[in-house]
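> Pasting in a structure now, in structure tokens, and then I'll have a few things to ask.
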Amino acid sequence: MPACCFLIVLLVFSGFSTCHGHGTENETVLGNSTVTPLLLVSFDGFRADYLKKYSFPNLEKFFSDGVLVDHVSNVFITKTFPNHYSIVTGRYAESHGILSSNMYDPDANKTFSLSNDFDSFWWEQATPLWVSIQQKGFKSAAAMWPGTDIKIHNLTASYFLKYQHNVPFQERVDNLTKWLSQDLVKFATLYWEEPDYSGHLYGPDNIKEMTKALKQVDDHIGYLIDKLNQTGLWSNINIIITSDHGMVQCAPDRLIRLDDCIGPKNYTLVDMTPVSAILPLTNVTYVYDLLKKCNPHMKAYMKEDIPDRLHYKNNRRIQPIILVADEGWTIVRNGSLPRFGDHGYDNTLPSMHPFLAAHGPAFRKGYRLNSINTVDIYSLMCHLLRLEEQPNNGTFTNTKCMLASQWCVNLPEVIGIVIGVFMVLTTLTCLIIIMKNKGPPSSRSFARLELQDDDDDDALIG
């Protein structure tokens, strides 16, 4: 009996530990009354541990009444365009095709750069969320999120601001809140360049300058909260604040000069640092052999040998040779240090990880989660918007406990409950068995005792 009860209890609580939600959370039919608008905000280059080192009164107010994810494991390479596109598609860079800030497609003989990103050809290996929401009959809005002003599968965002770095944060927010106040706008994105700009310029270890930059970021979050309150949106929309990558300190004494290892006529440098894309112009093996011995702080990979964990080799836009610098090291041809802070390094490094915070009617209050993946955010957002997911690399299971509609029990809690119930059931079973074995006193025992007493009396009389 105890074993059977134990199995039943284990099955029951194992089911609970997977998180159960209300039926309406799983609806696939979109209706204007059932889809709560979602605002996705990115502060570029917001390293996760900034939250421990600096003061963020407005951001802390935001997630204290919502959710905080301490670390987000982003995609390789840990740069702006690949990760912003991974957030809204749920795919690794090799799957969505935006591999870096600079690319070359050998089949089409086309090049891509931050100043030449307008060709939809580069973006159509995946379908971003703003396109999906419009295909369902709703509208989207965007303030300078990468790709939103480009026709992807023949659609831009319904409303958008073309990227201009000098447009103030307040102007971006004012436009978005105006668009979000319209009934059909269900998904909006907002991008801001800081603290990435200051991180590059000064390095993340420059406490004085980063304090200024991060105070400005927190002030902007305060403005966003105030504006959403003023427009009546604060309590009626879901908001996710996150970032694309972190930042690490660089230094002049941590340079890798390619000209010291190989002549420049042997290759084309498609993308520079800290992950350099090399297109050999002479024998591939010759170029690779020279580069792999170039510097102990840089790894050289043939495309087919790039580690599977990086998810960065199954795309024609990845060049035949990839160079990956160690954390804090910079690859140059022959020049000096281009910047004091950088990103793009191995995505397992904590210095490359951003954070995520969420607030709104769909989210739990005061909840904290250790980590999720950047590609998981897409599944979460599709769930919030009642959208069917496109093929992606994320997992909704990793994020669903952030939602108020989900009842989640951690594995240690489940084990404790099961053990406790098992002990109670075992104790009860043992008591029942003891009571059954004990039973009422037998009458034959008393009869035998009386008989023995009579025999003794007779012996005394004799």
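The values are calculated or read from the model by the stated rules, or taken from the named source; none is laboratory data. The model shown is predicted, which means the values in this text are computed figures rather than measured ones. We place every Cβ from the backbone using ideal geometry, glycine too, and count neighbours over all the protein chains shown. These area figures cover heavy atoms from the full protein model, side chains too; ligands, DNA and RNA do not enter into them. Shrake-Rupley method; radii C 1.70, N 1.55, O 1.52, S 1.80 Å.
> Where nothing but the Cβ of Lys and Arg (+1) and of Asp and Glu (-1) is charged, how large is the charge dipole of the range 173-242 around its Cα centre, in debye to the nearest 20?
Values: 6 positive and 10 negative charges, 37 e Å.
With only Lys, Arg, Asp and Glu charged at Cβ, the dipole is about 180 debye.
> Rank by packing, highest mean first: peptides 371-381, 288-298, with packing defined as the count of other Cβ atoms within 10 Å averaged across residues.
The densest-packed peptide leads the list: 371-381, 288-298.
> Given 0.36 nm per residue, what is the gain on full extension from Thr36 to Ser55 after removing their alpha carbon distance, in nm?
3.7 nm
> Here is a further query. Lys and Arg at +1, Asp and Glu at -1: add these up for the other residues within a Cβ distance under 10 Å of Arg333 and post the number.
Within the 10 Å Cβ shell, the charges total -1.
> For the chain, which whole-number percentage of the solvent-accessible area (1.4 Å probe, protein heavy atoms only) is attributable to carbon and sulfur atoms?
Looking at the chain in its full context, I get 55 percent from C and S.
> By how many degrees, between 0 and 90 and to the nearest 10, does the Cα long axis of helix 374-384 differ from the longest principal axis of the chain?
Between the helix axis and the principal axis of the chain, the angle is about 70 degrees.
> What are the ³J(HN,Hα) couplings of the range 241-248, residue after residue, when phi is run through the Karplus curve with 6.51, -1.76, 1.60 and θ = phi - 60°? Round to Hz, x for glycine and proline.
10, 8, 8, 9, 6, x, 6, 9
> Separate question: Okay, helix-only estimate at 222 nm for the chain: each DSSP H run of n ≥ 4 adds -39500 (n - 2.57), divide by all residues, round to 500 deg cm²/dmol; what do you get?
Theoretical 222 nm ellipticity from helices: -10500 deg cm²/dmol.
> Mind checking the angle between helix 2-17 and the chain's longest principal axis? C-alpha axes, 0 to 90 degrees, to the nearest 10.
Here the helix axis deviates by roughly 30 degrees.
> Taking 8 Å as the Cα distance limit and 6 or more residues as the minimum spacing, I'd like the relative contact order of the chain as a percentage.
Reported as a whole number, the value is 29 percent.
> Just how large is the dipole of the chain about the Cα centre, in debye to the nearest 20, putting +1 at every Lys and Arg Cβ and -1 at every Asp and Glu Cβ?
Approximately 1540 debye in magnitude.
> Inverting the mean 1/r over all pairs of different Cα atoms, compute the Kirkwood radius of the chain and quote it in Å.
For the chain, inverting the mean 1/r across all distinct Cα pairs yields 25.3 Å.
> To test your reading of the geometry: what angle, between 0 and 90 degrees and rounded to tens, separates the Cα axis of helix 443-461 from the longest principal axis of the chain?
40 degrees
> Only four residue types carry charge here, +1 at the Cβ of Lys and Arg and -1 at the Cβ of Asp and Glu. Report the dipole size of the range 317-367 about the Cα centre in Debye, rounded to the nearest 20.
That gives a dipole near 300 debye.
> Just the number please: accessible area per residue for the range 187-269, 1.4 Å probe, all protein chains included, in Å².
Spelled out: the 1.4 Å probe surface of the range 187-269, per residue, equals 39 Å².
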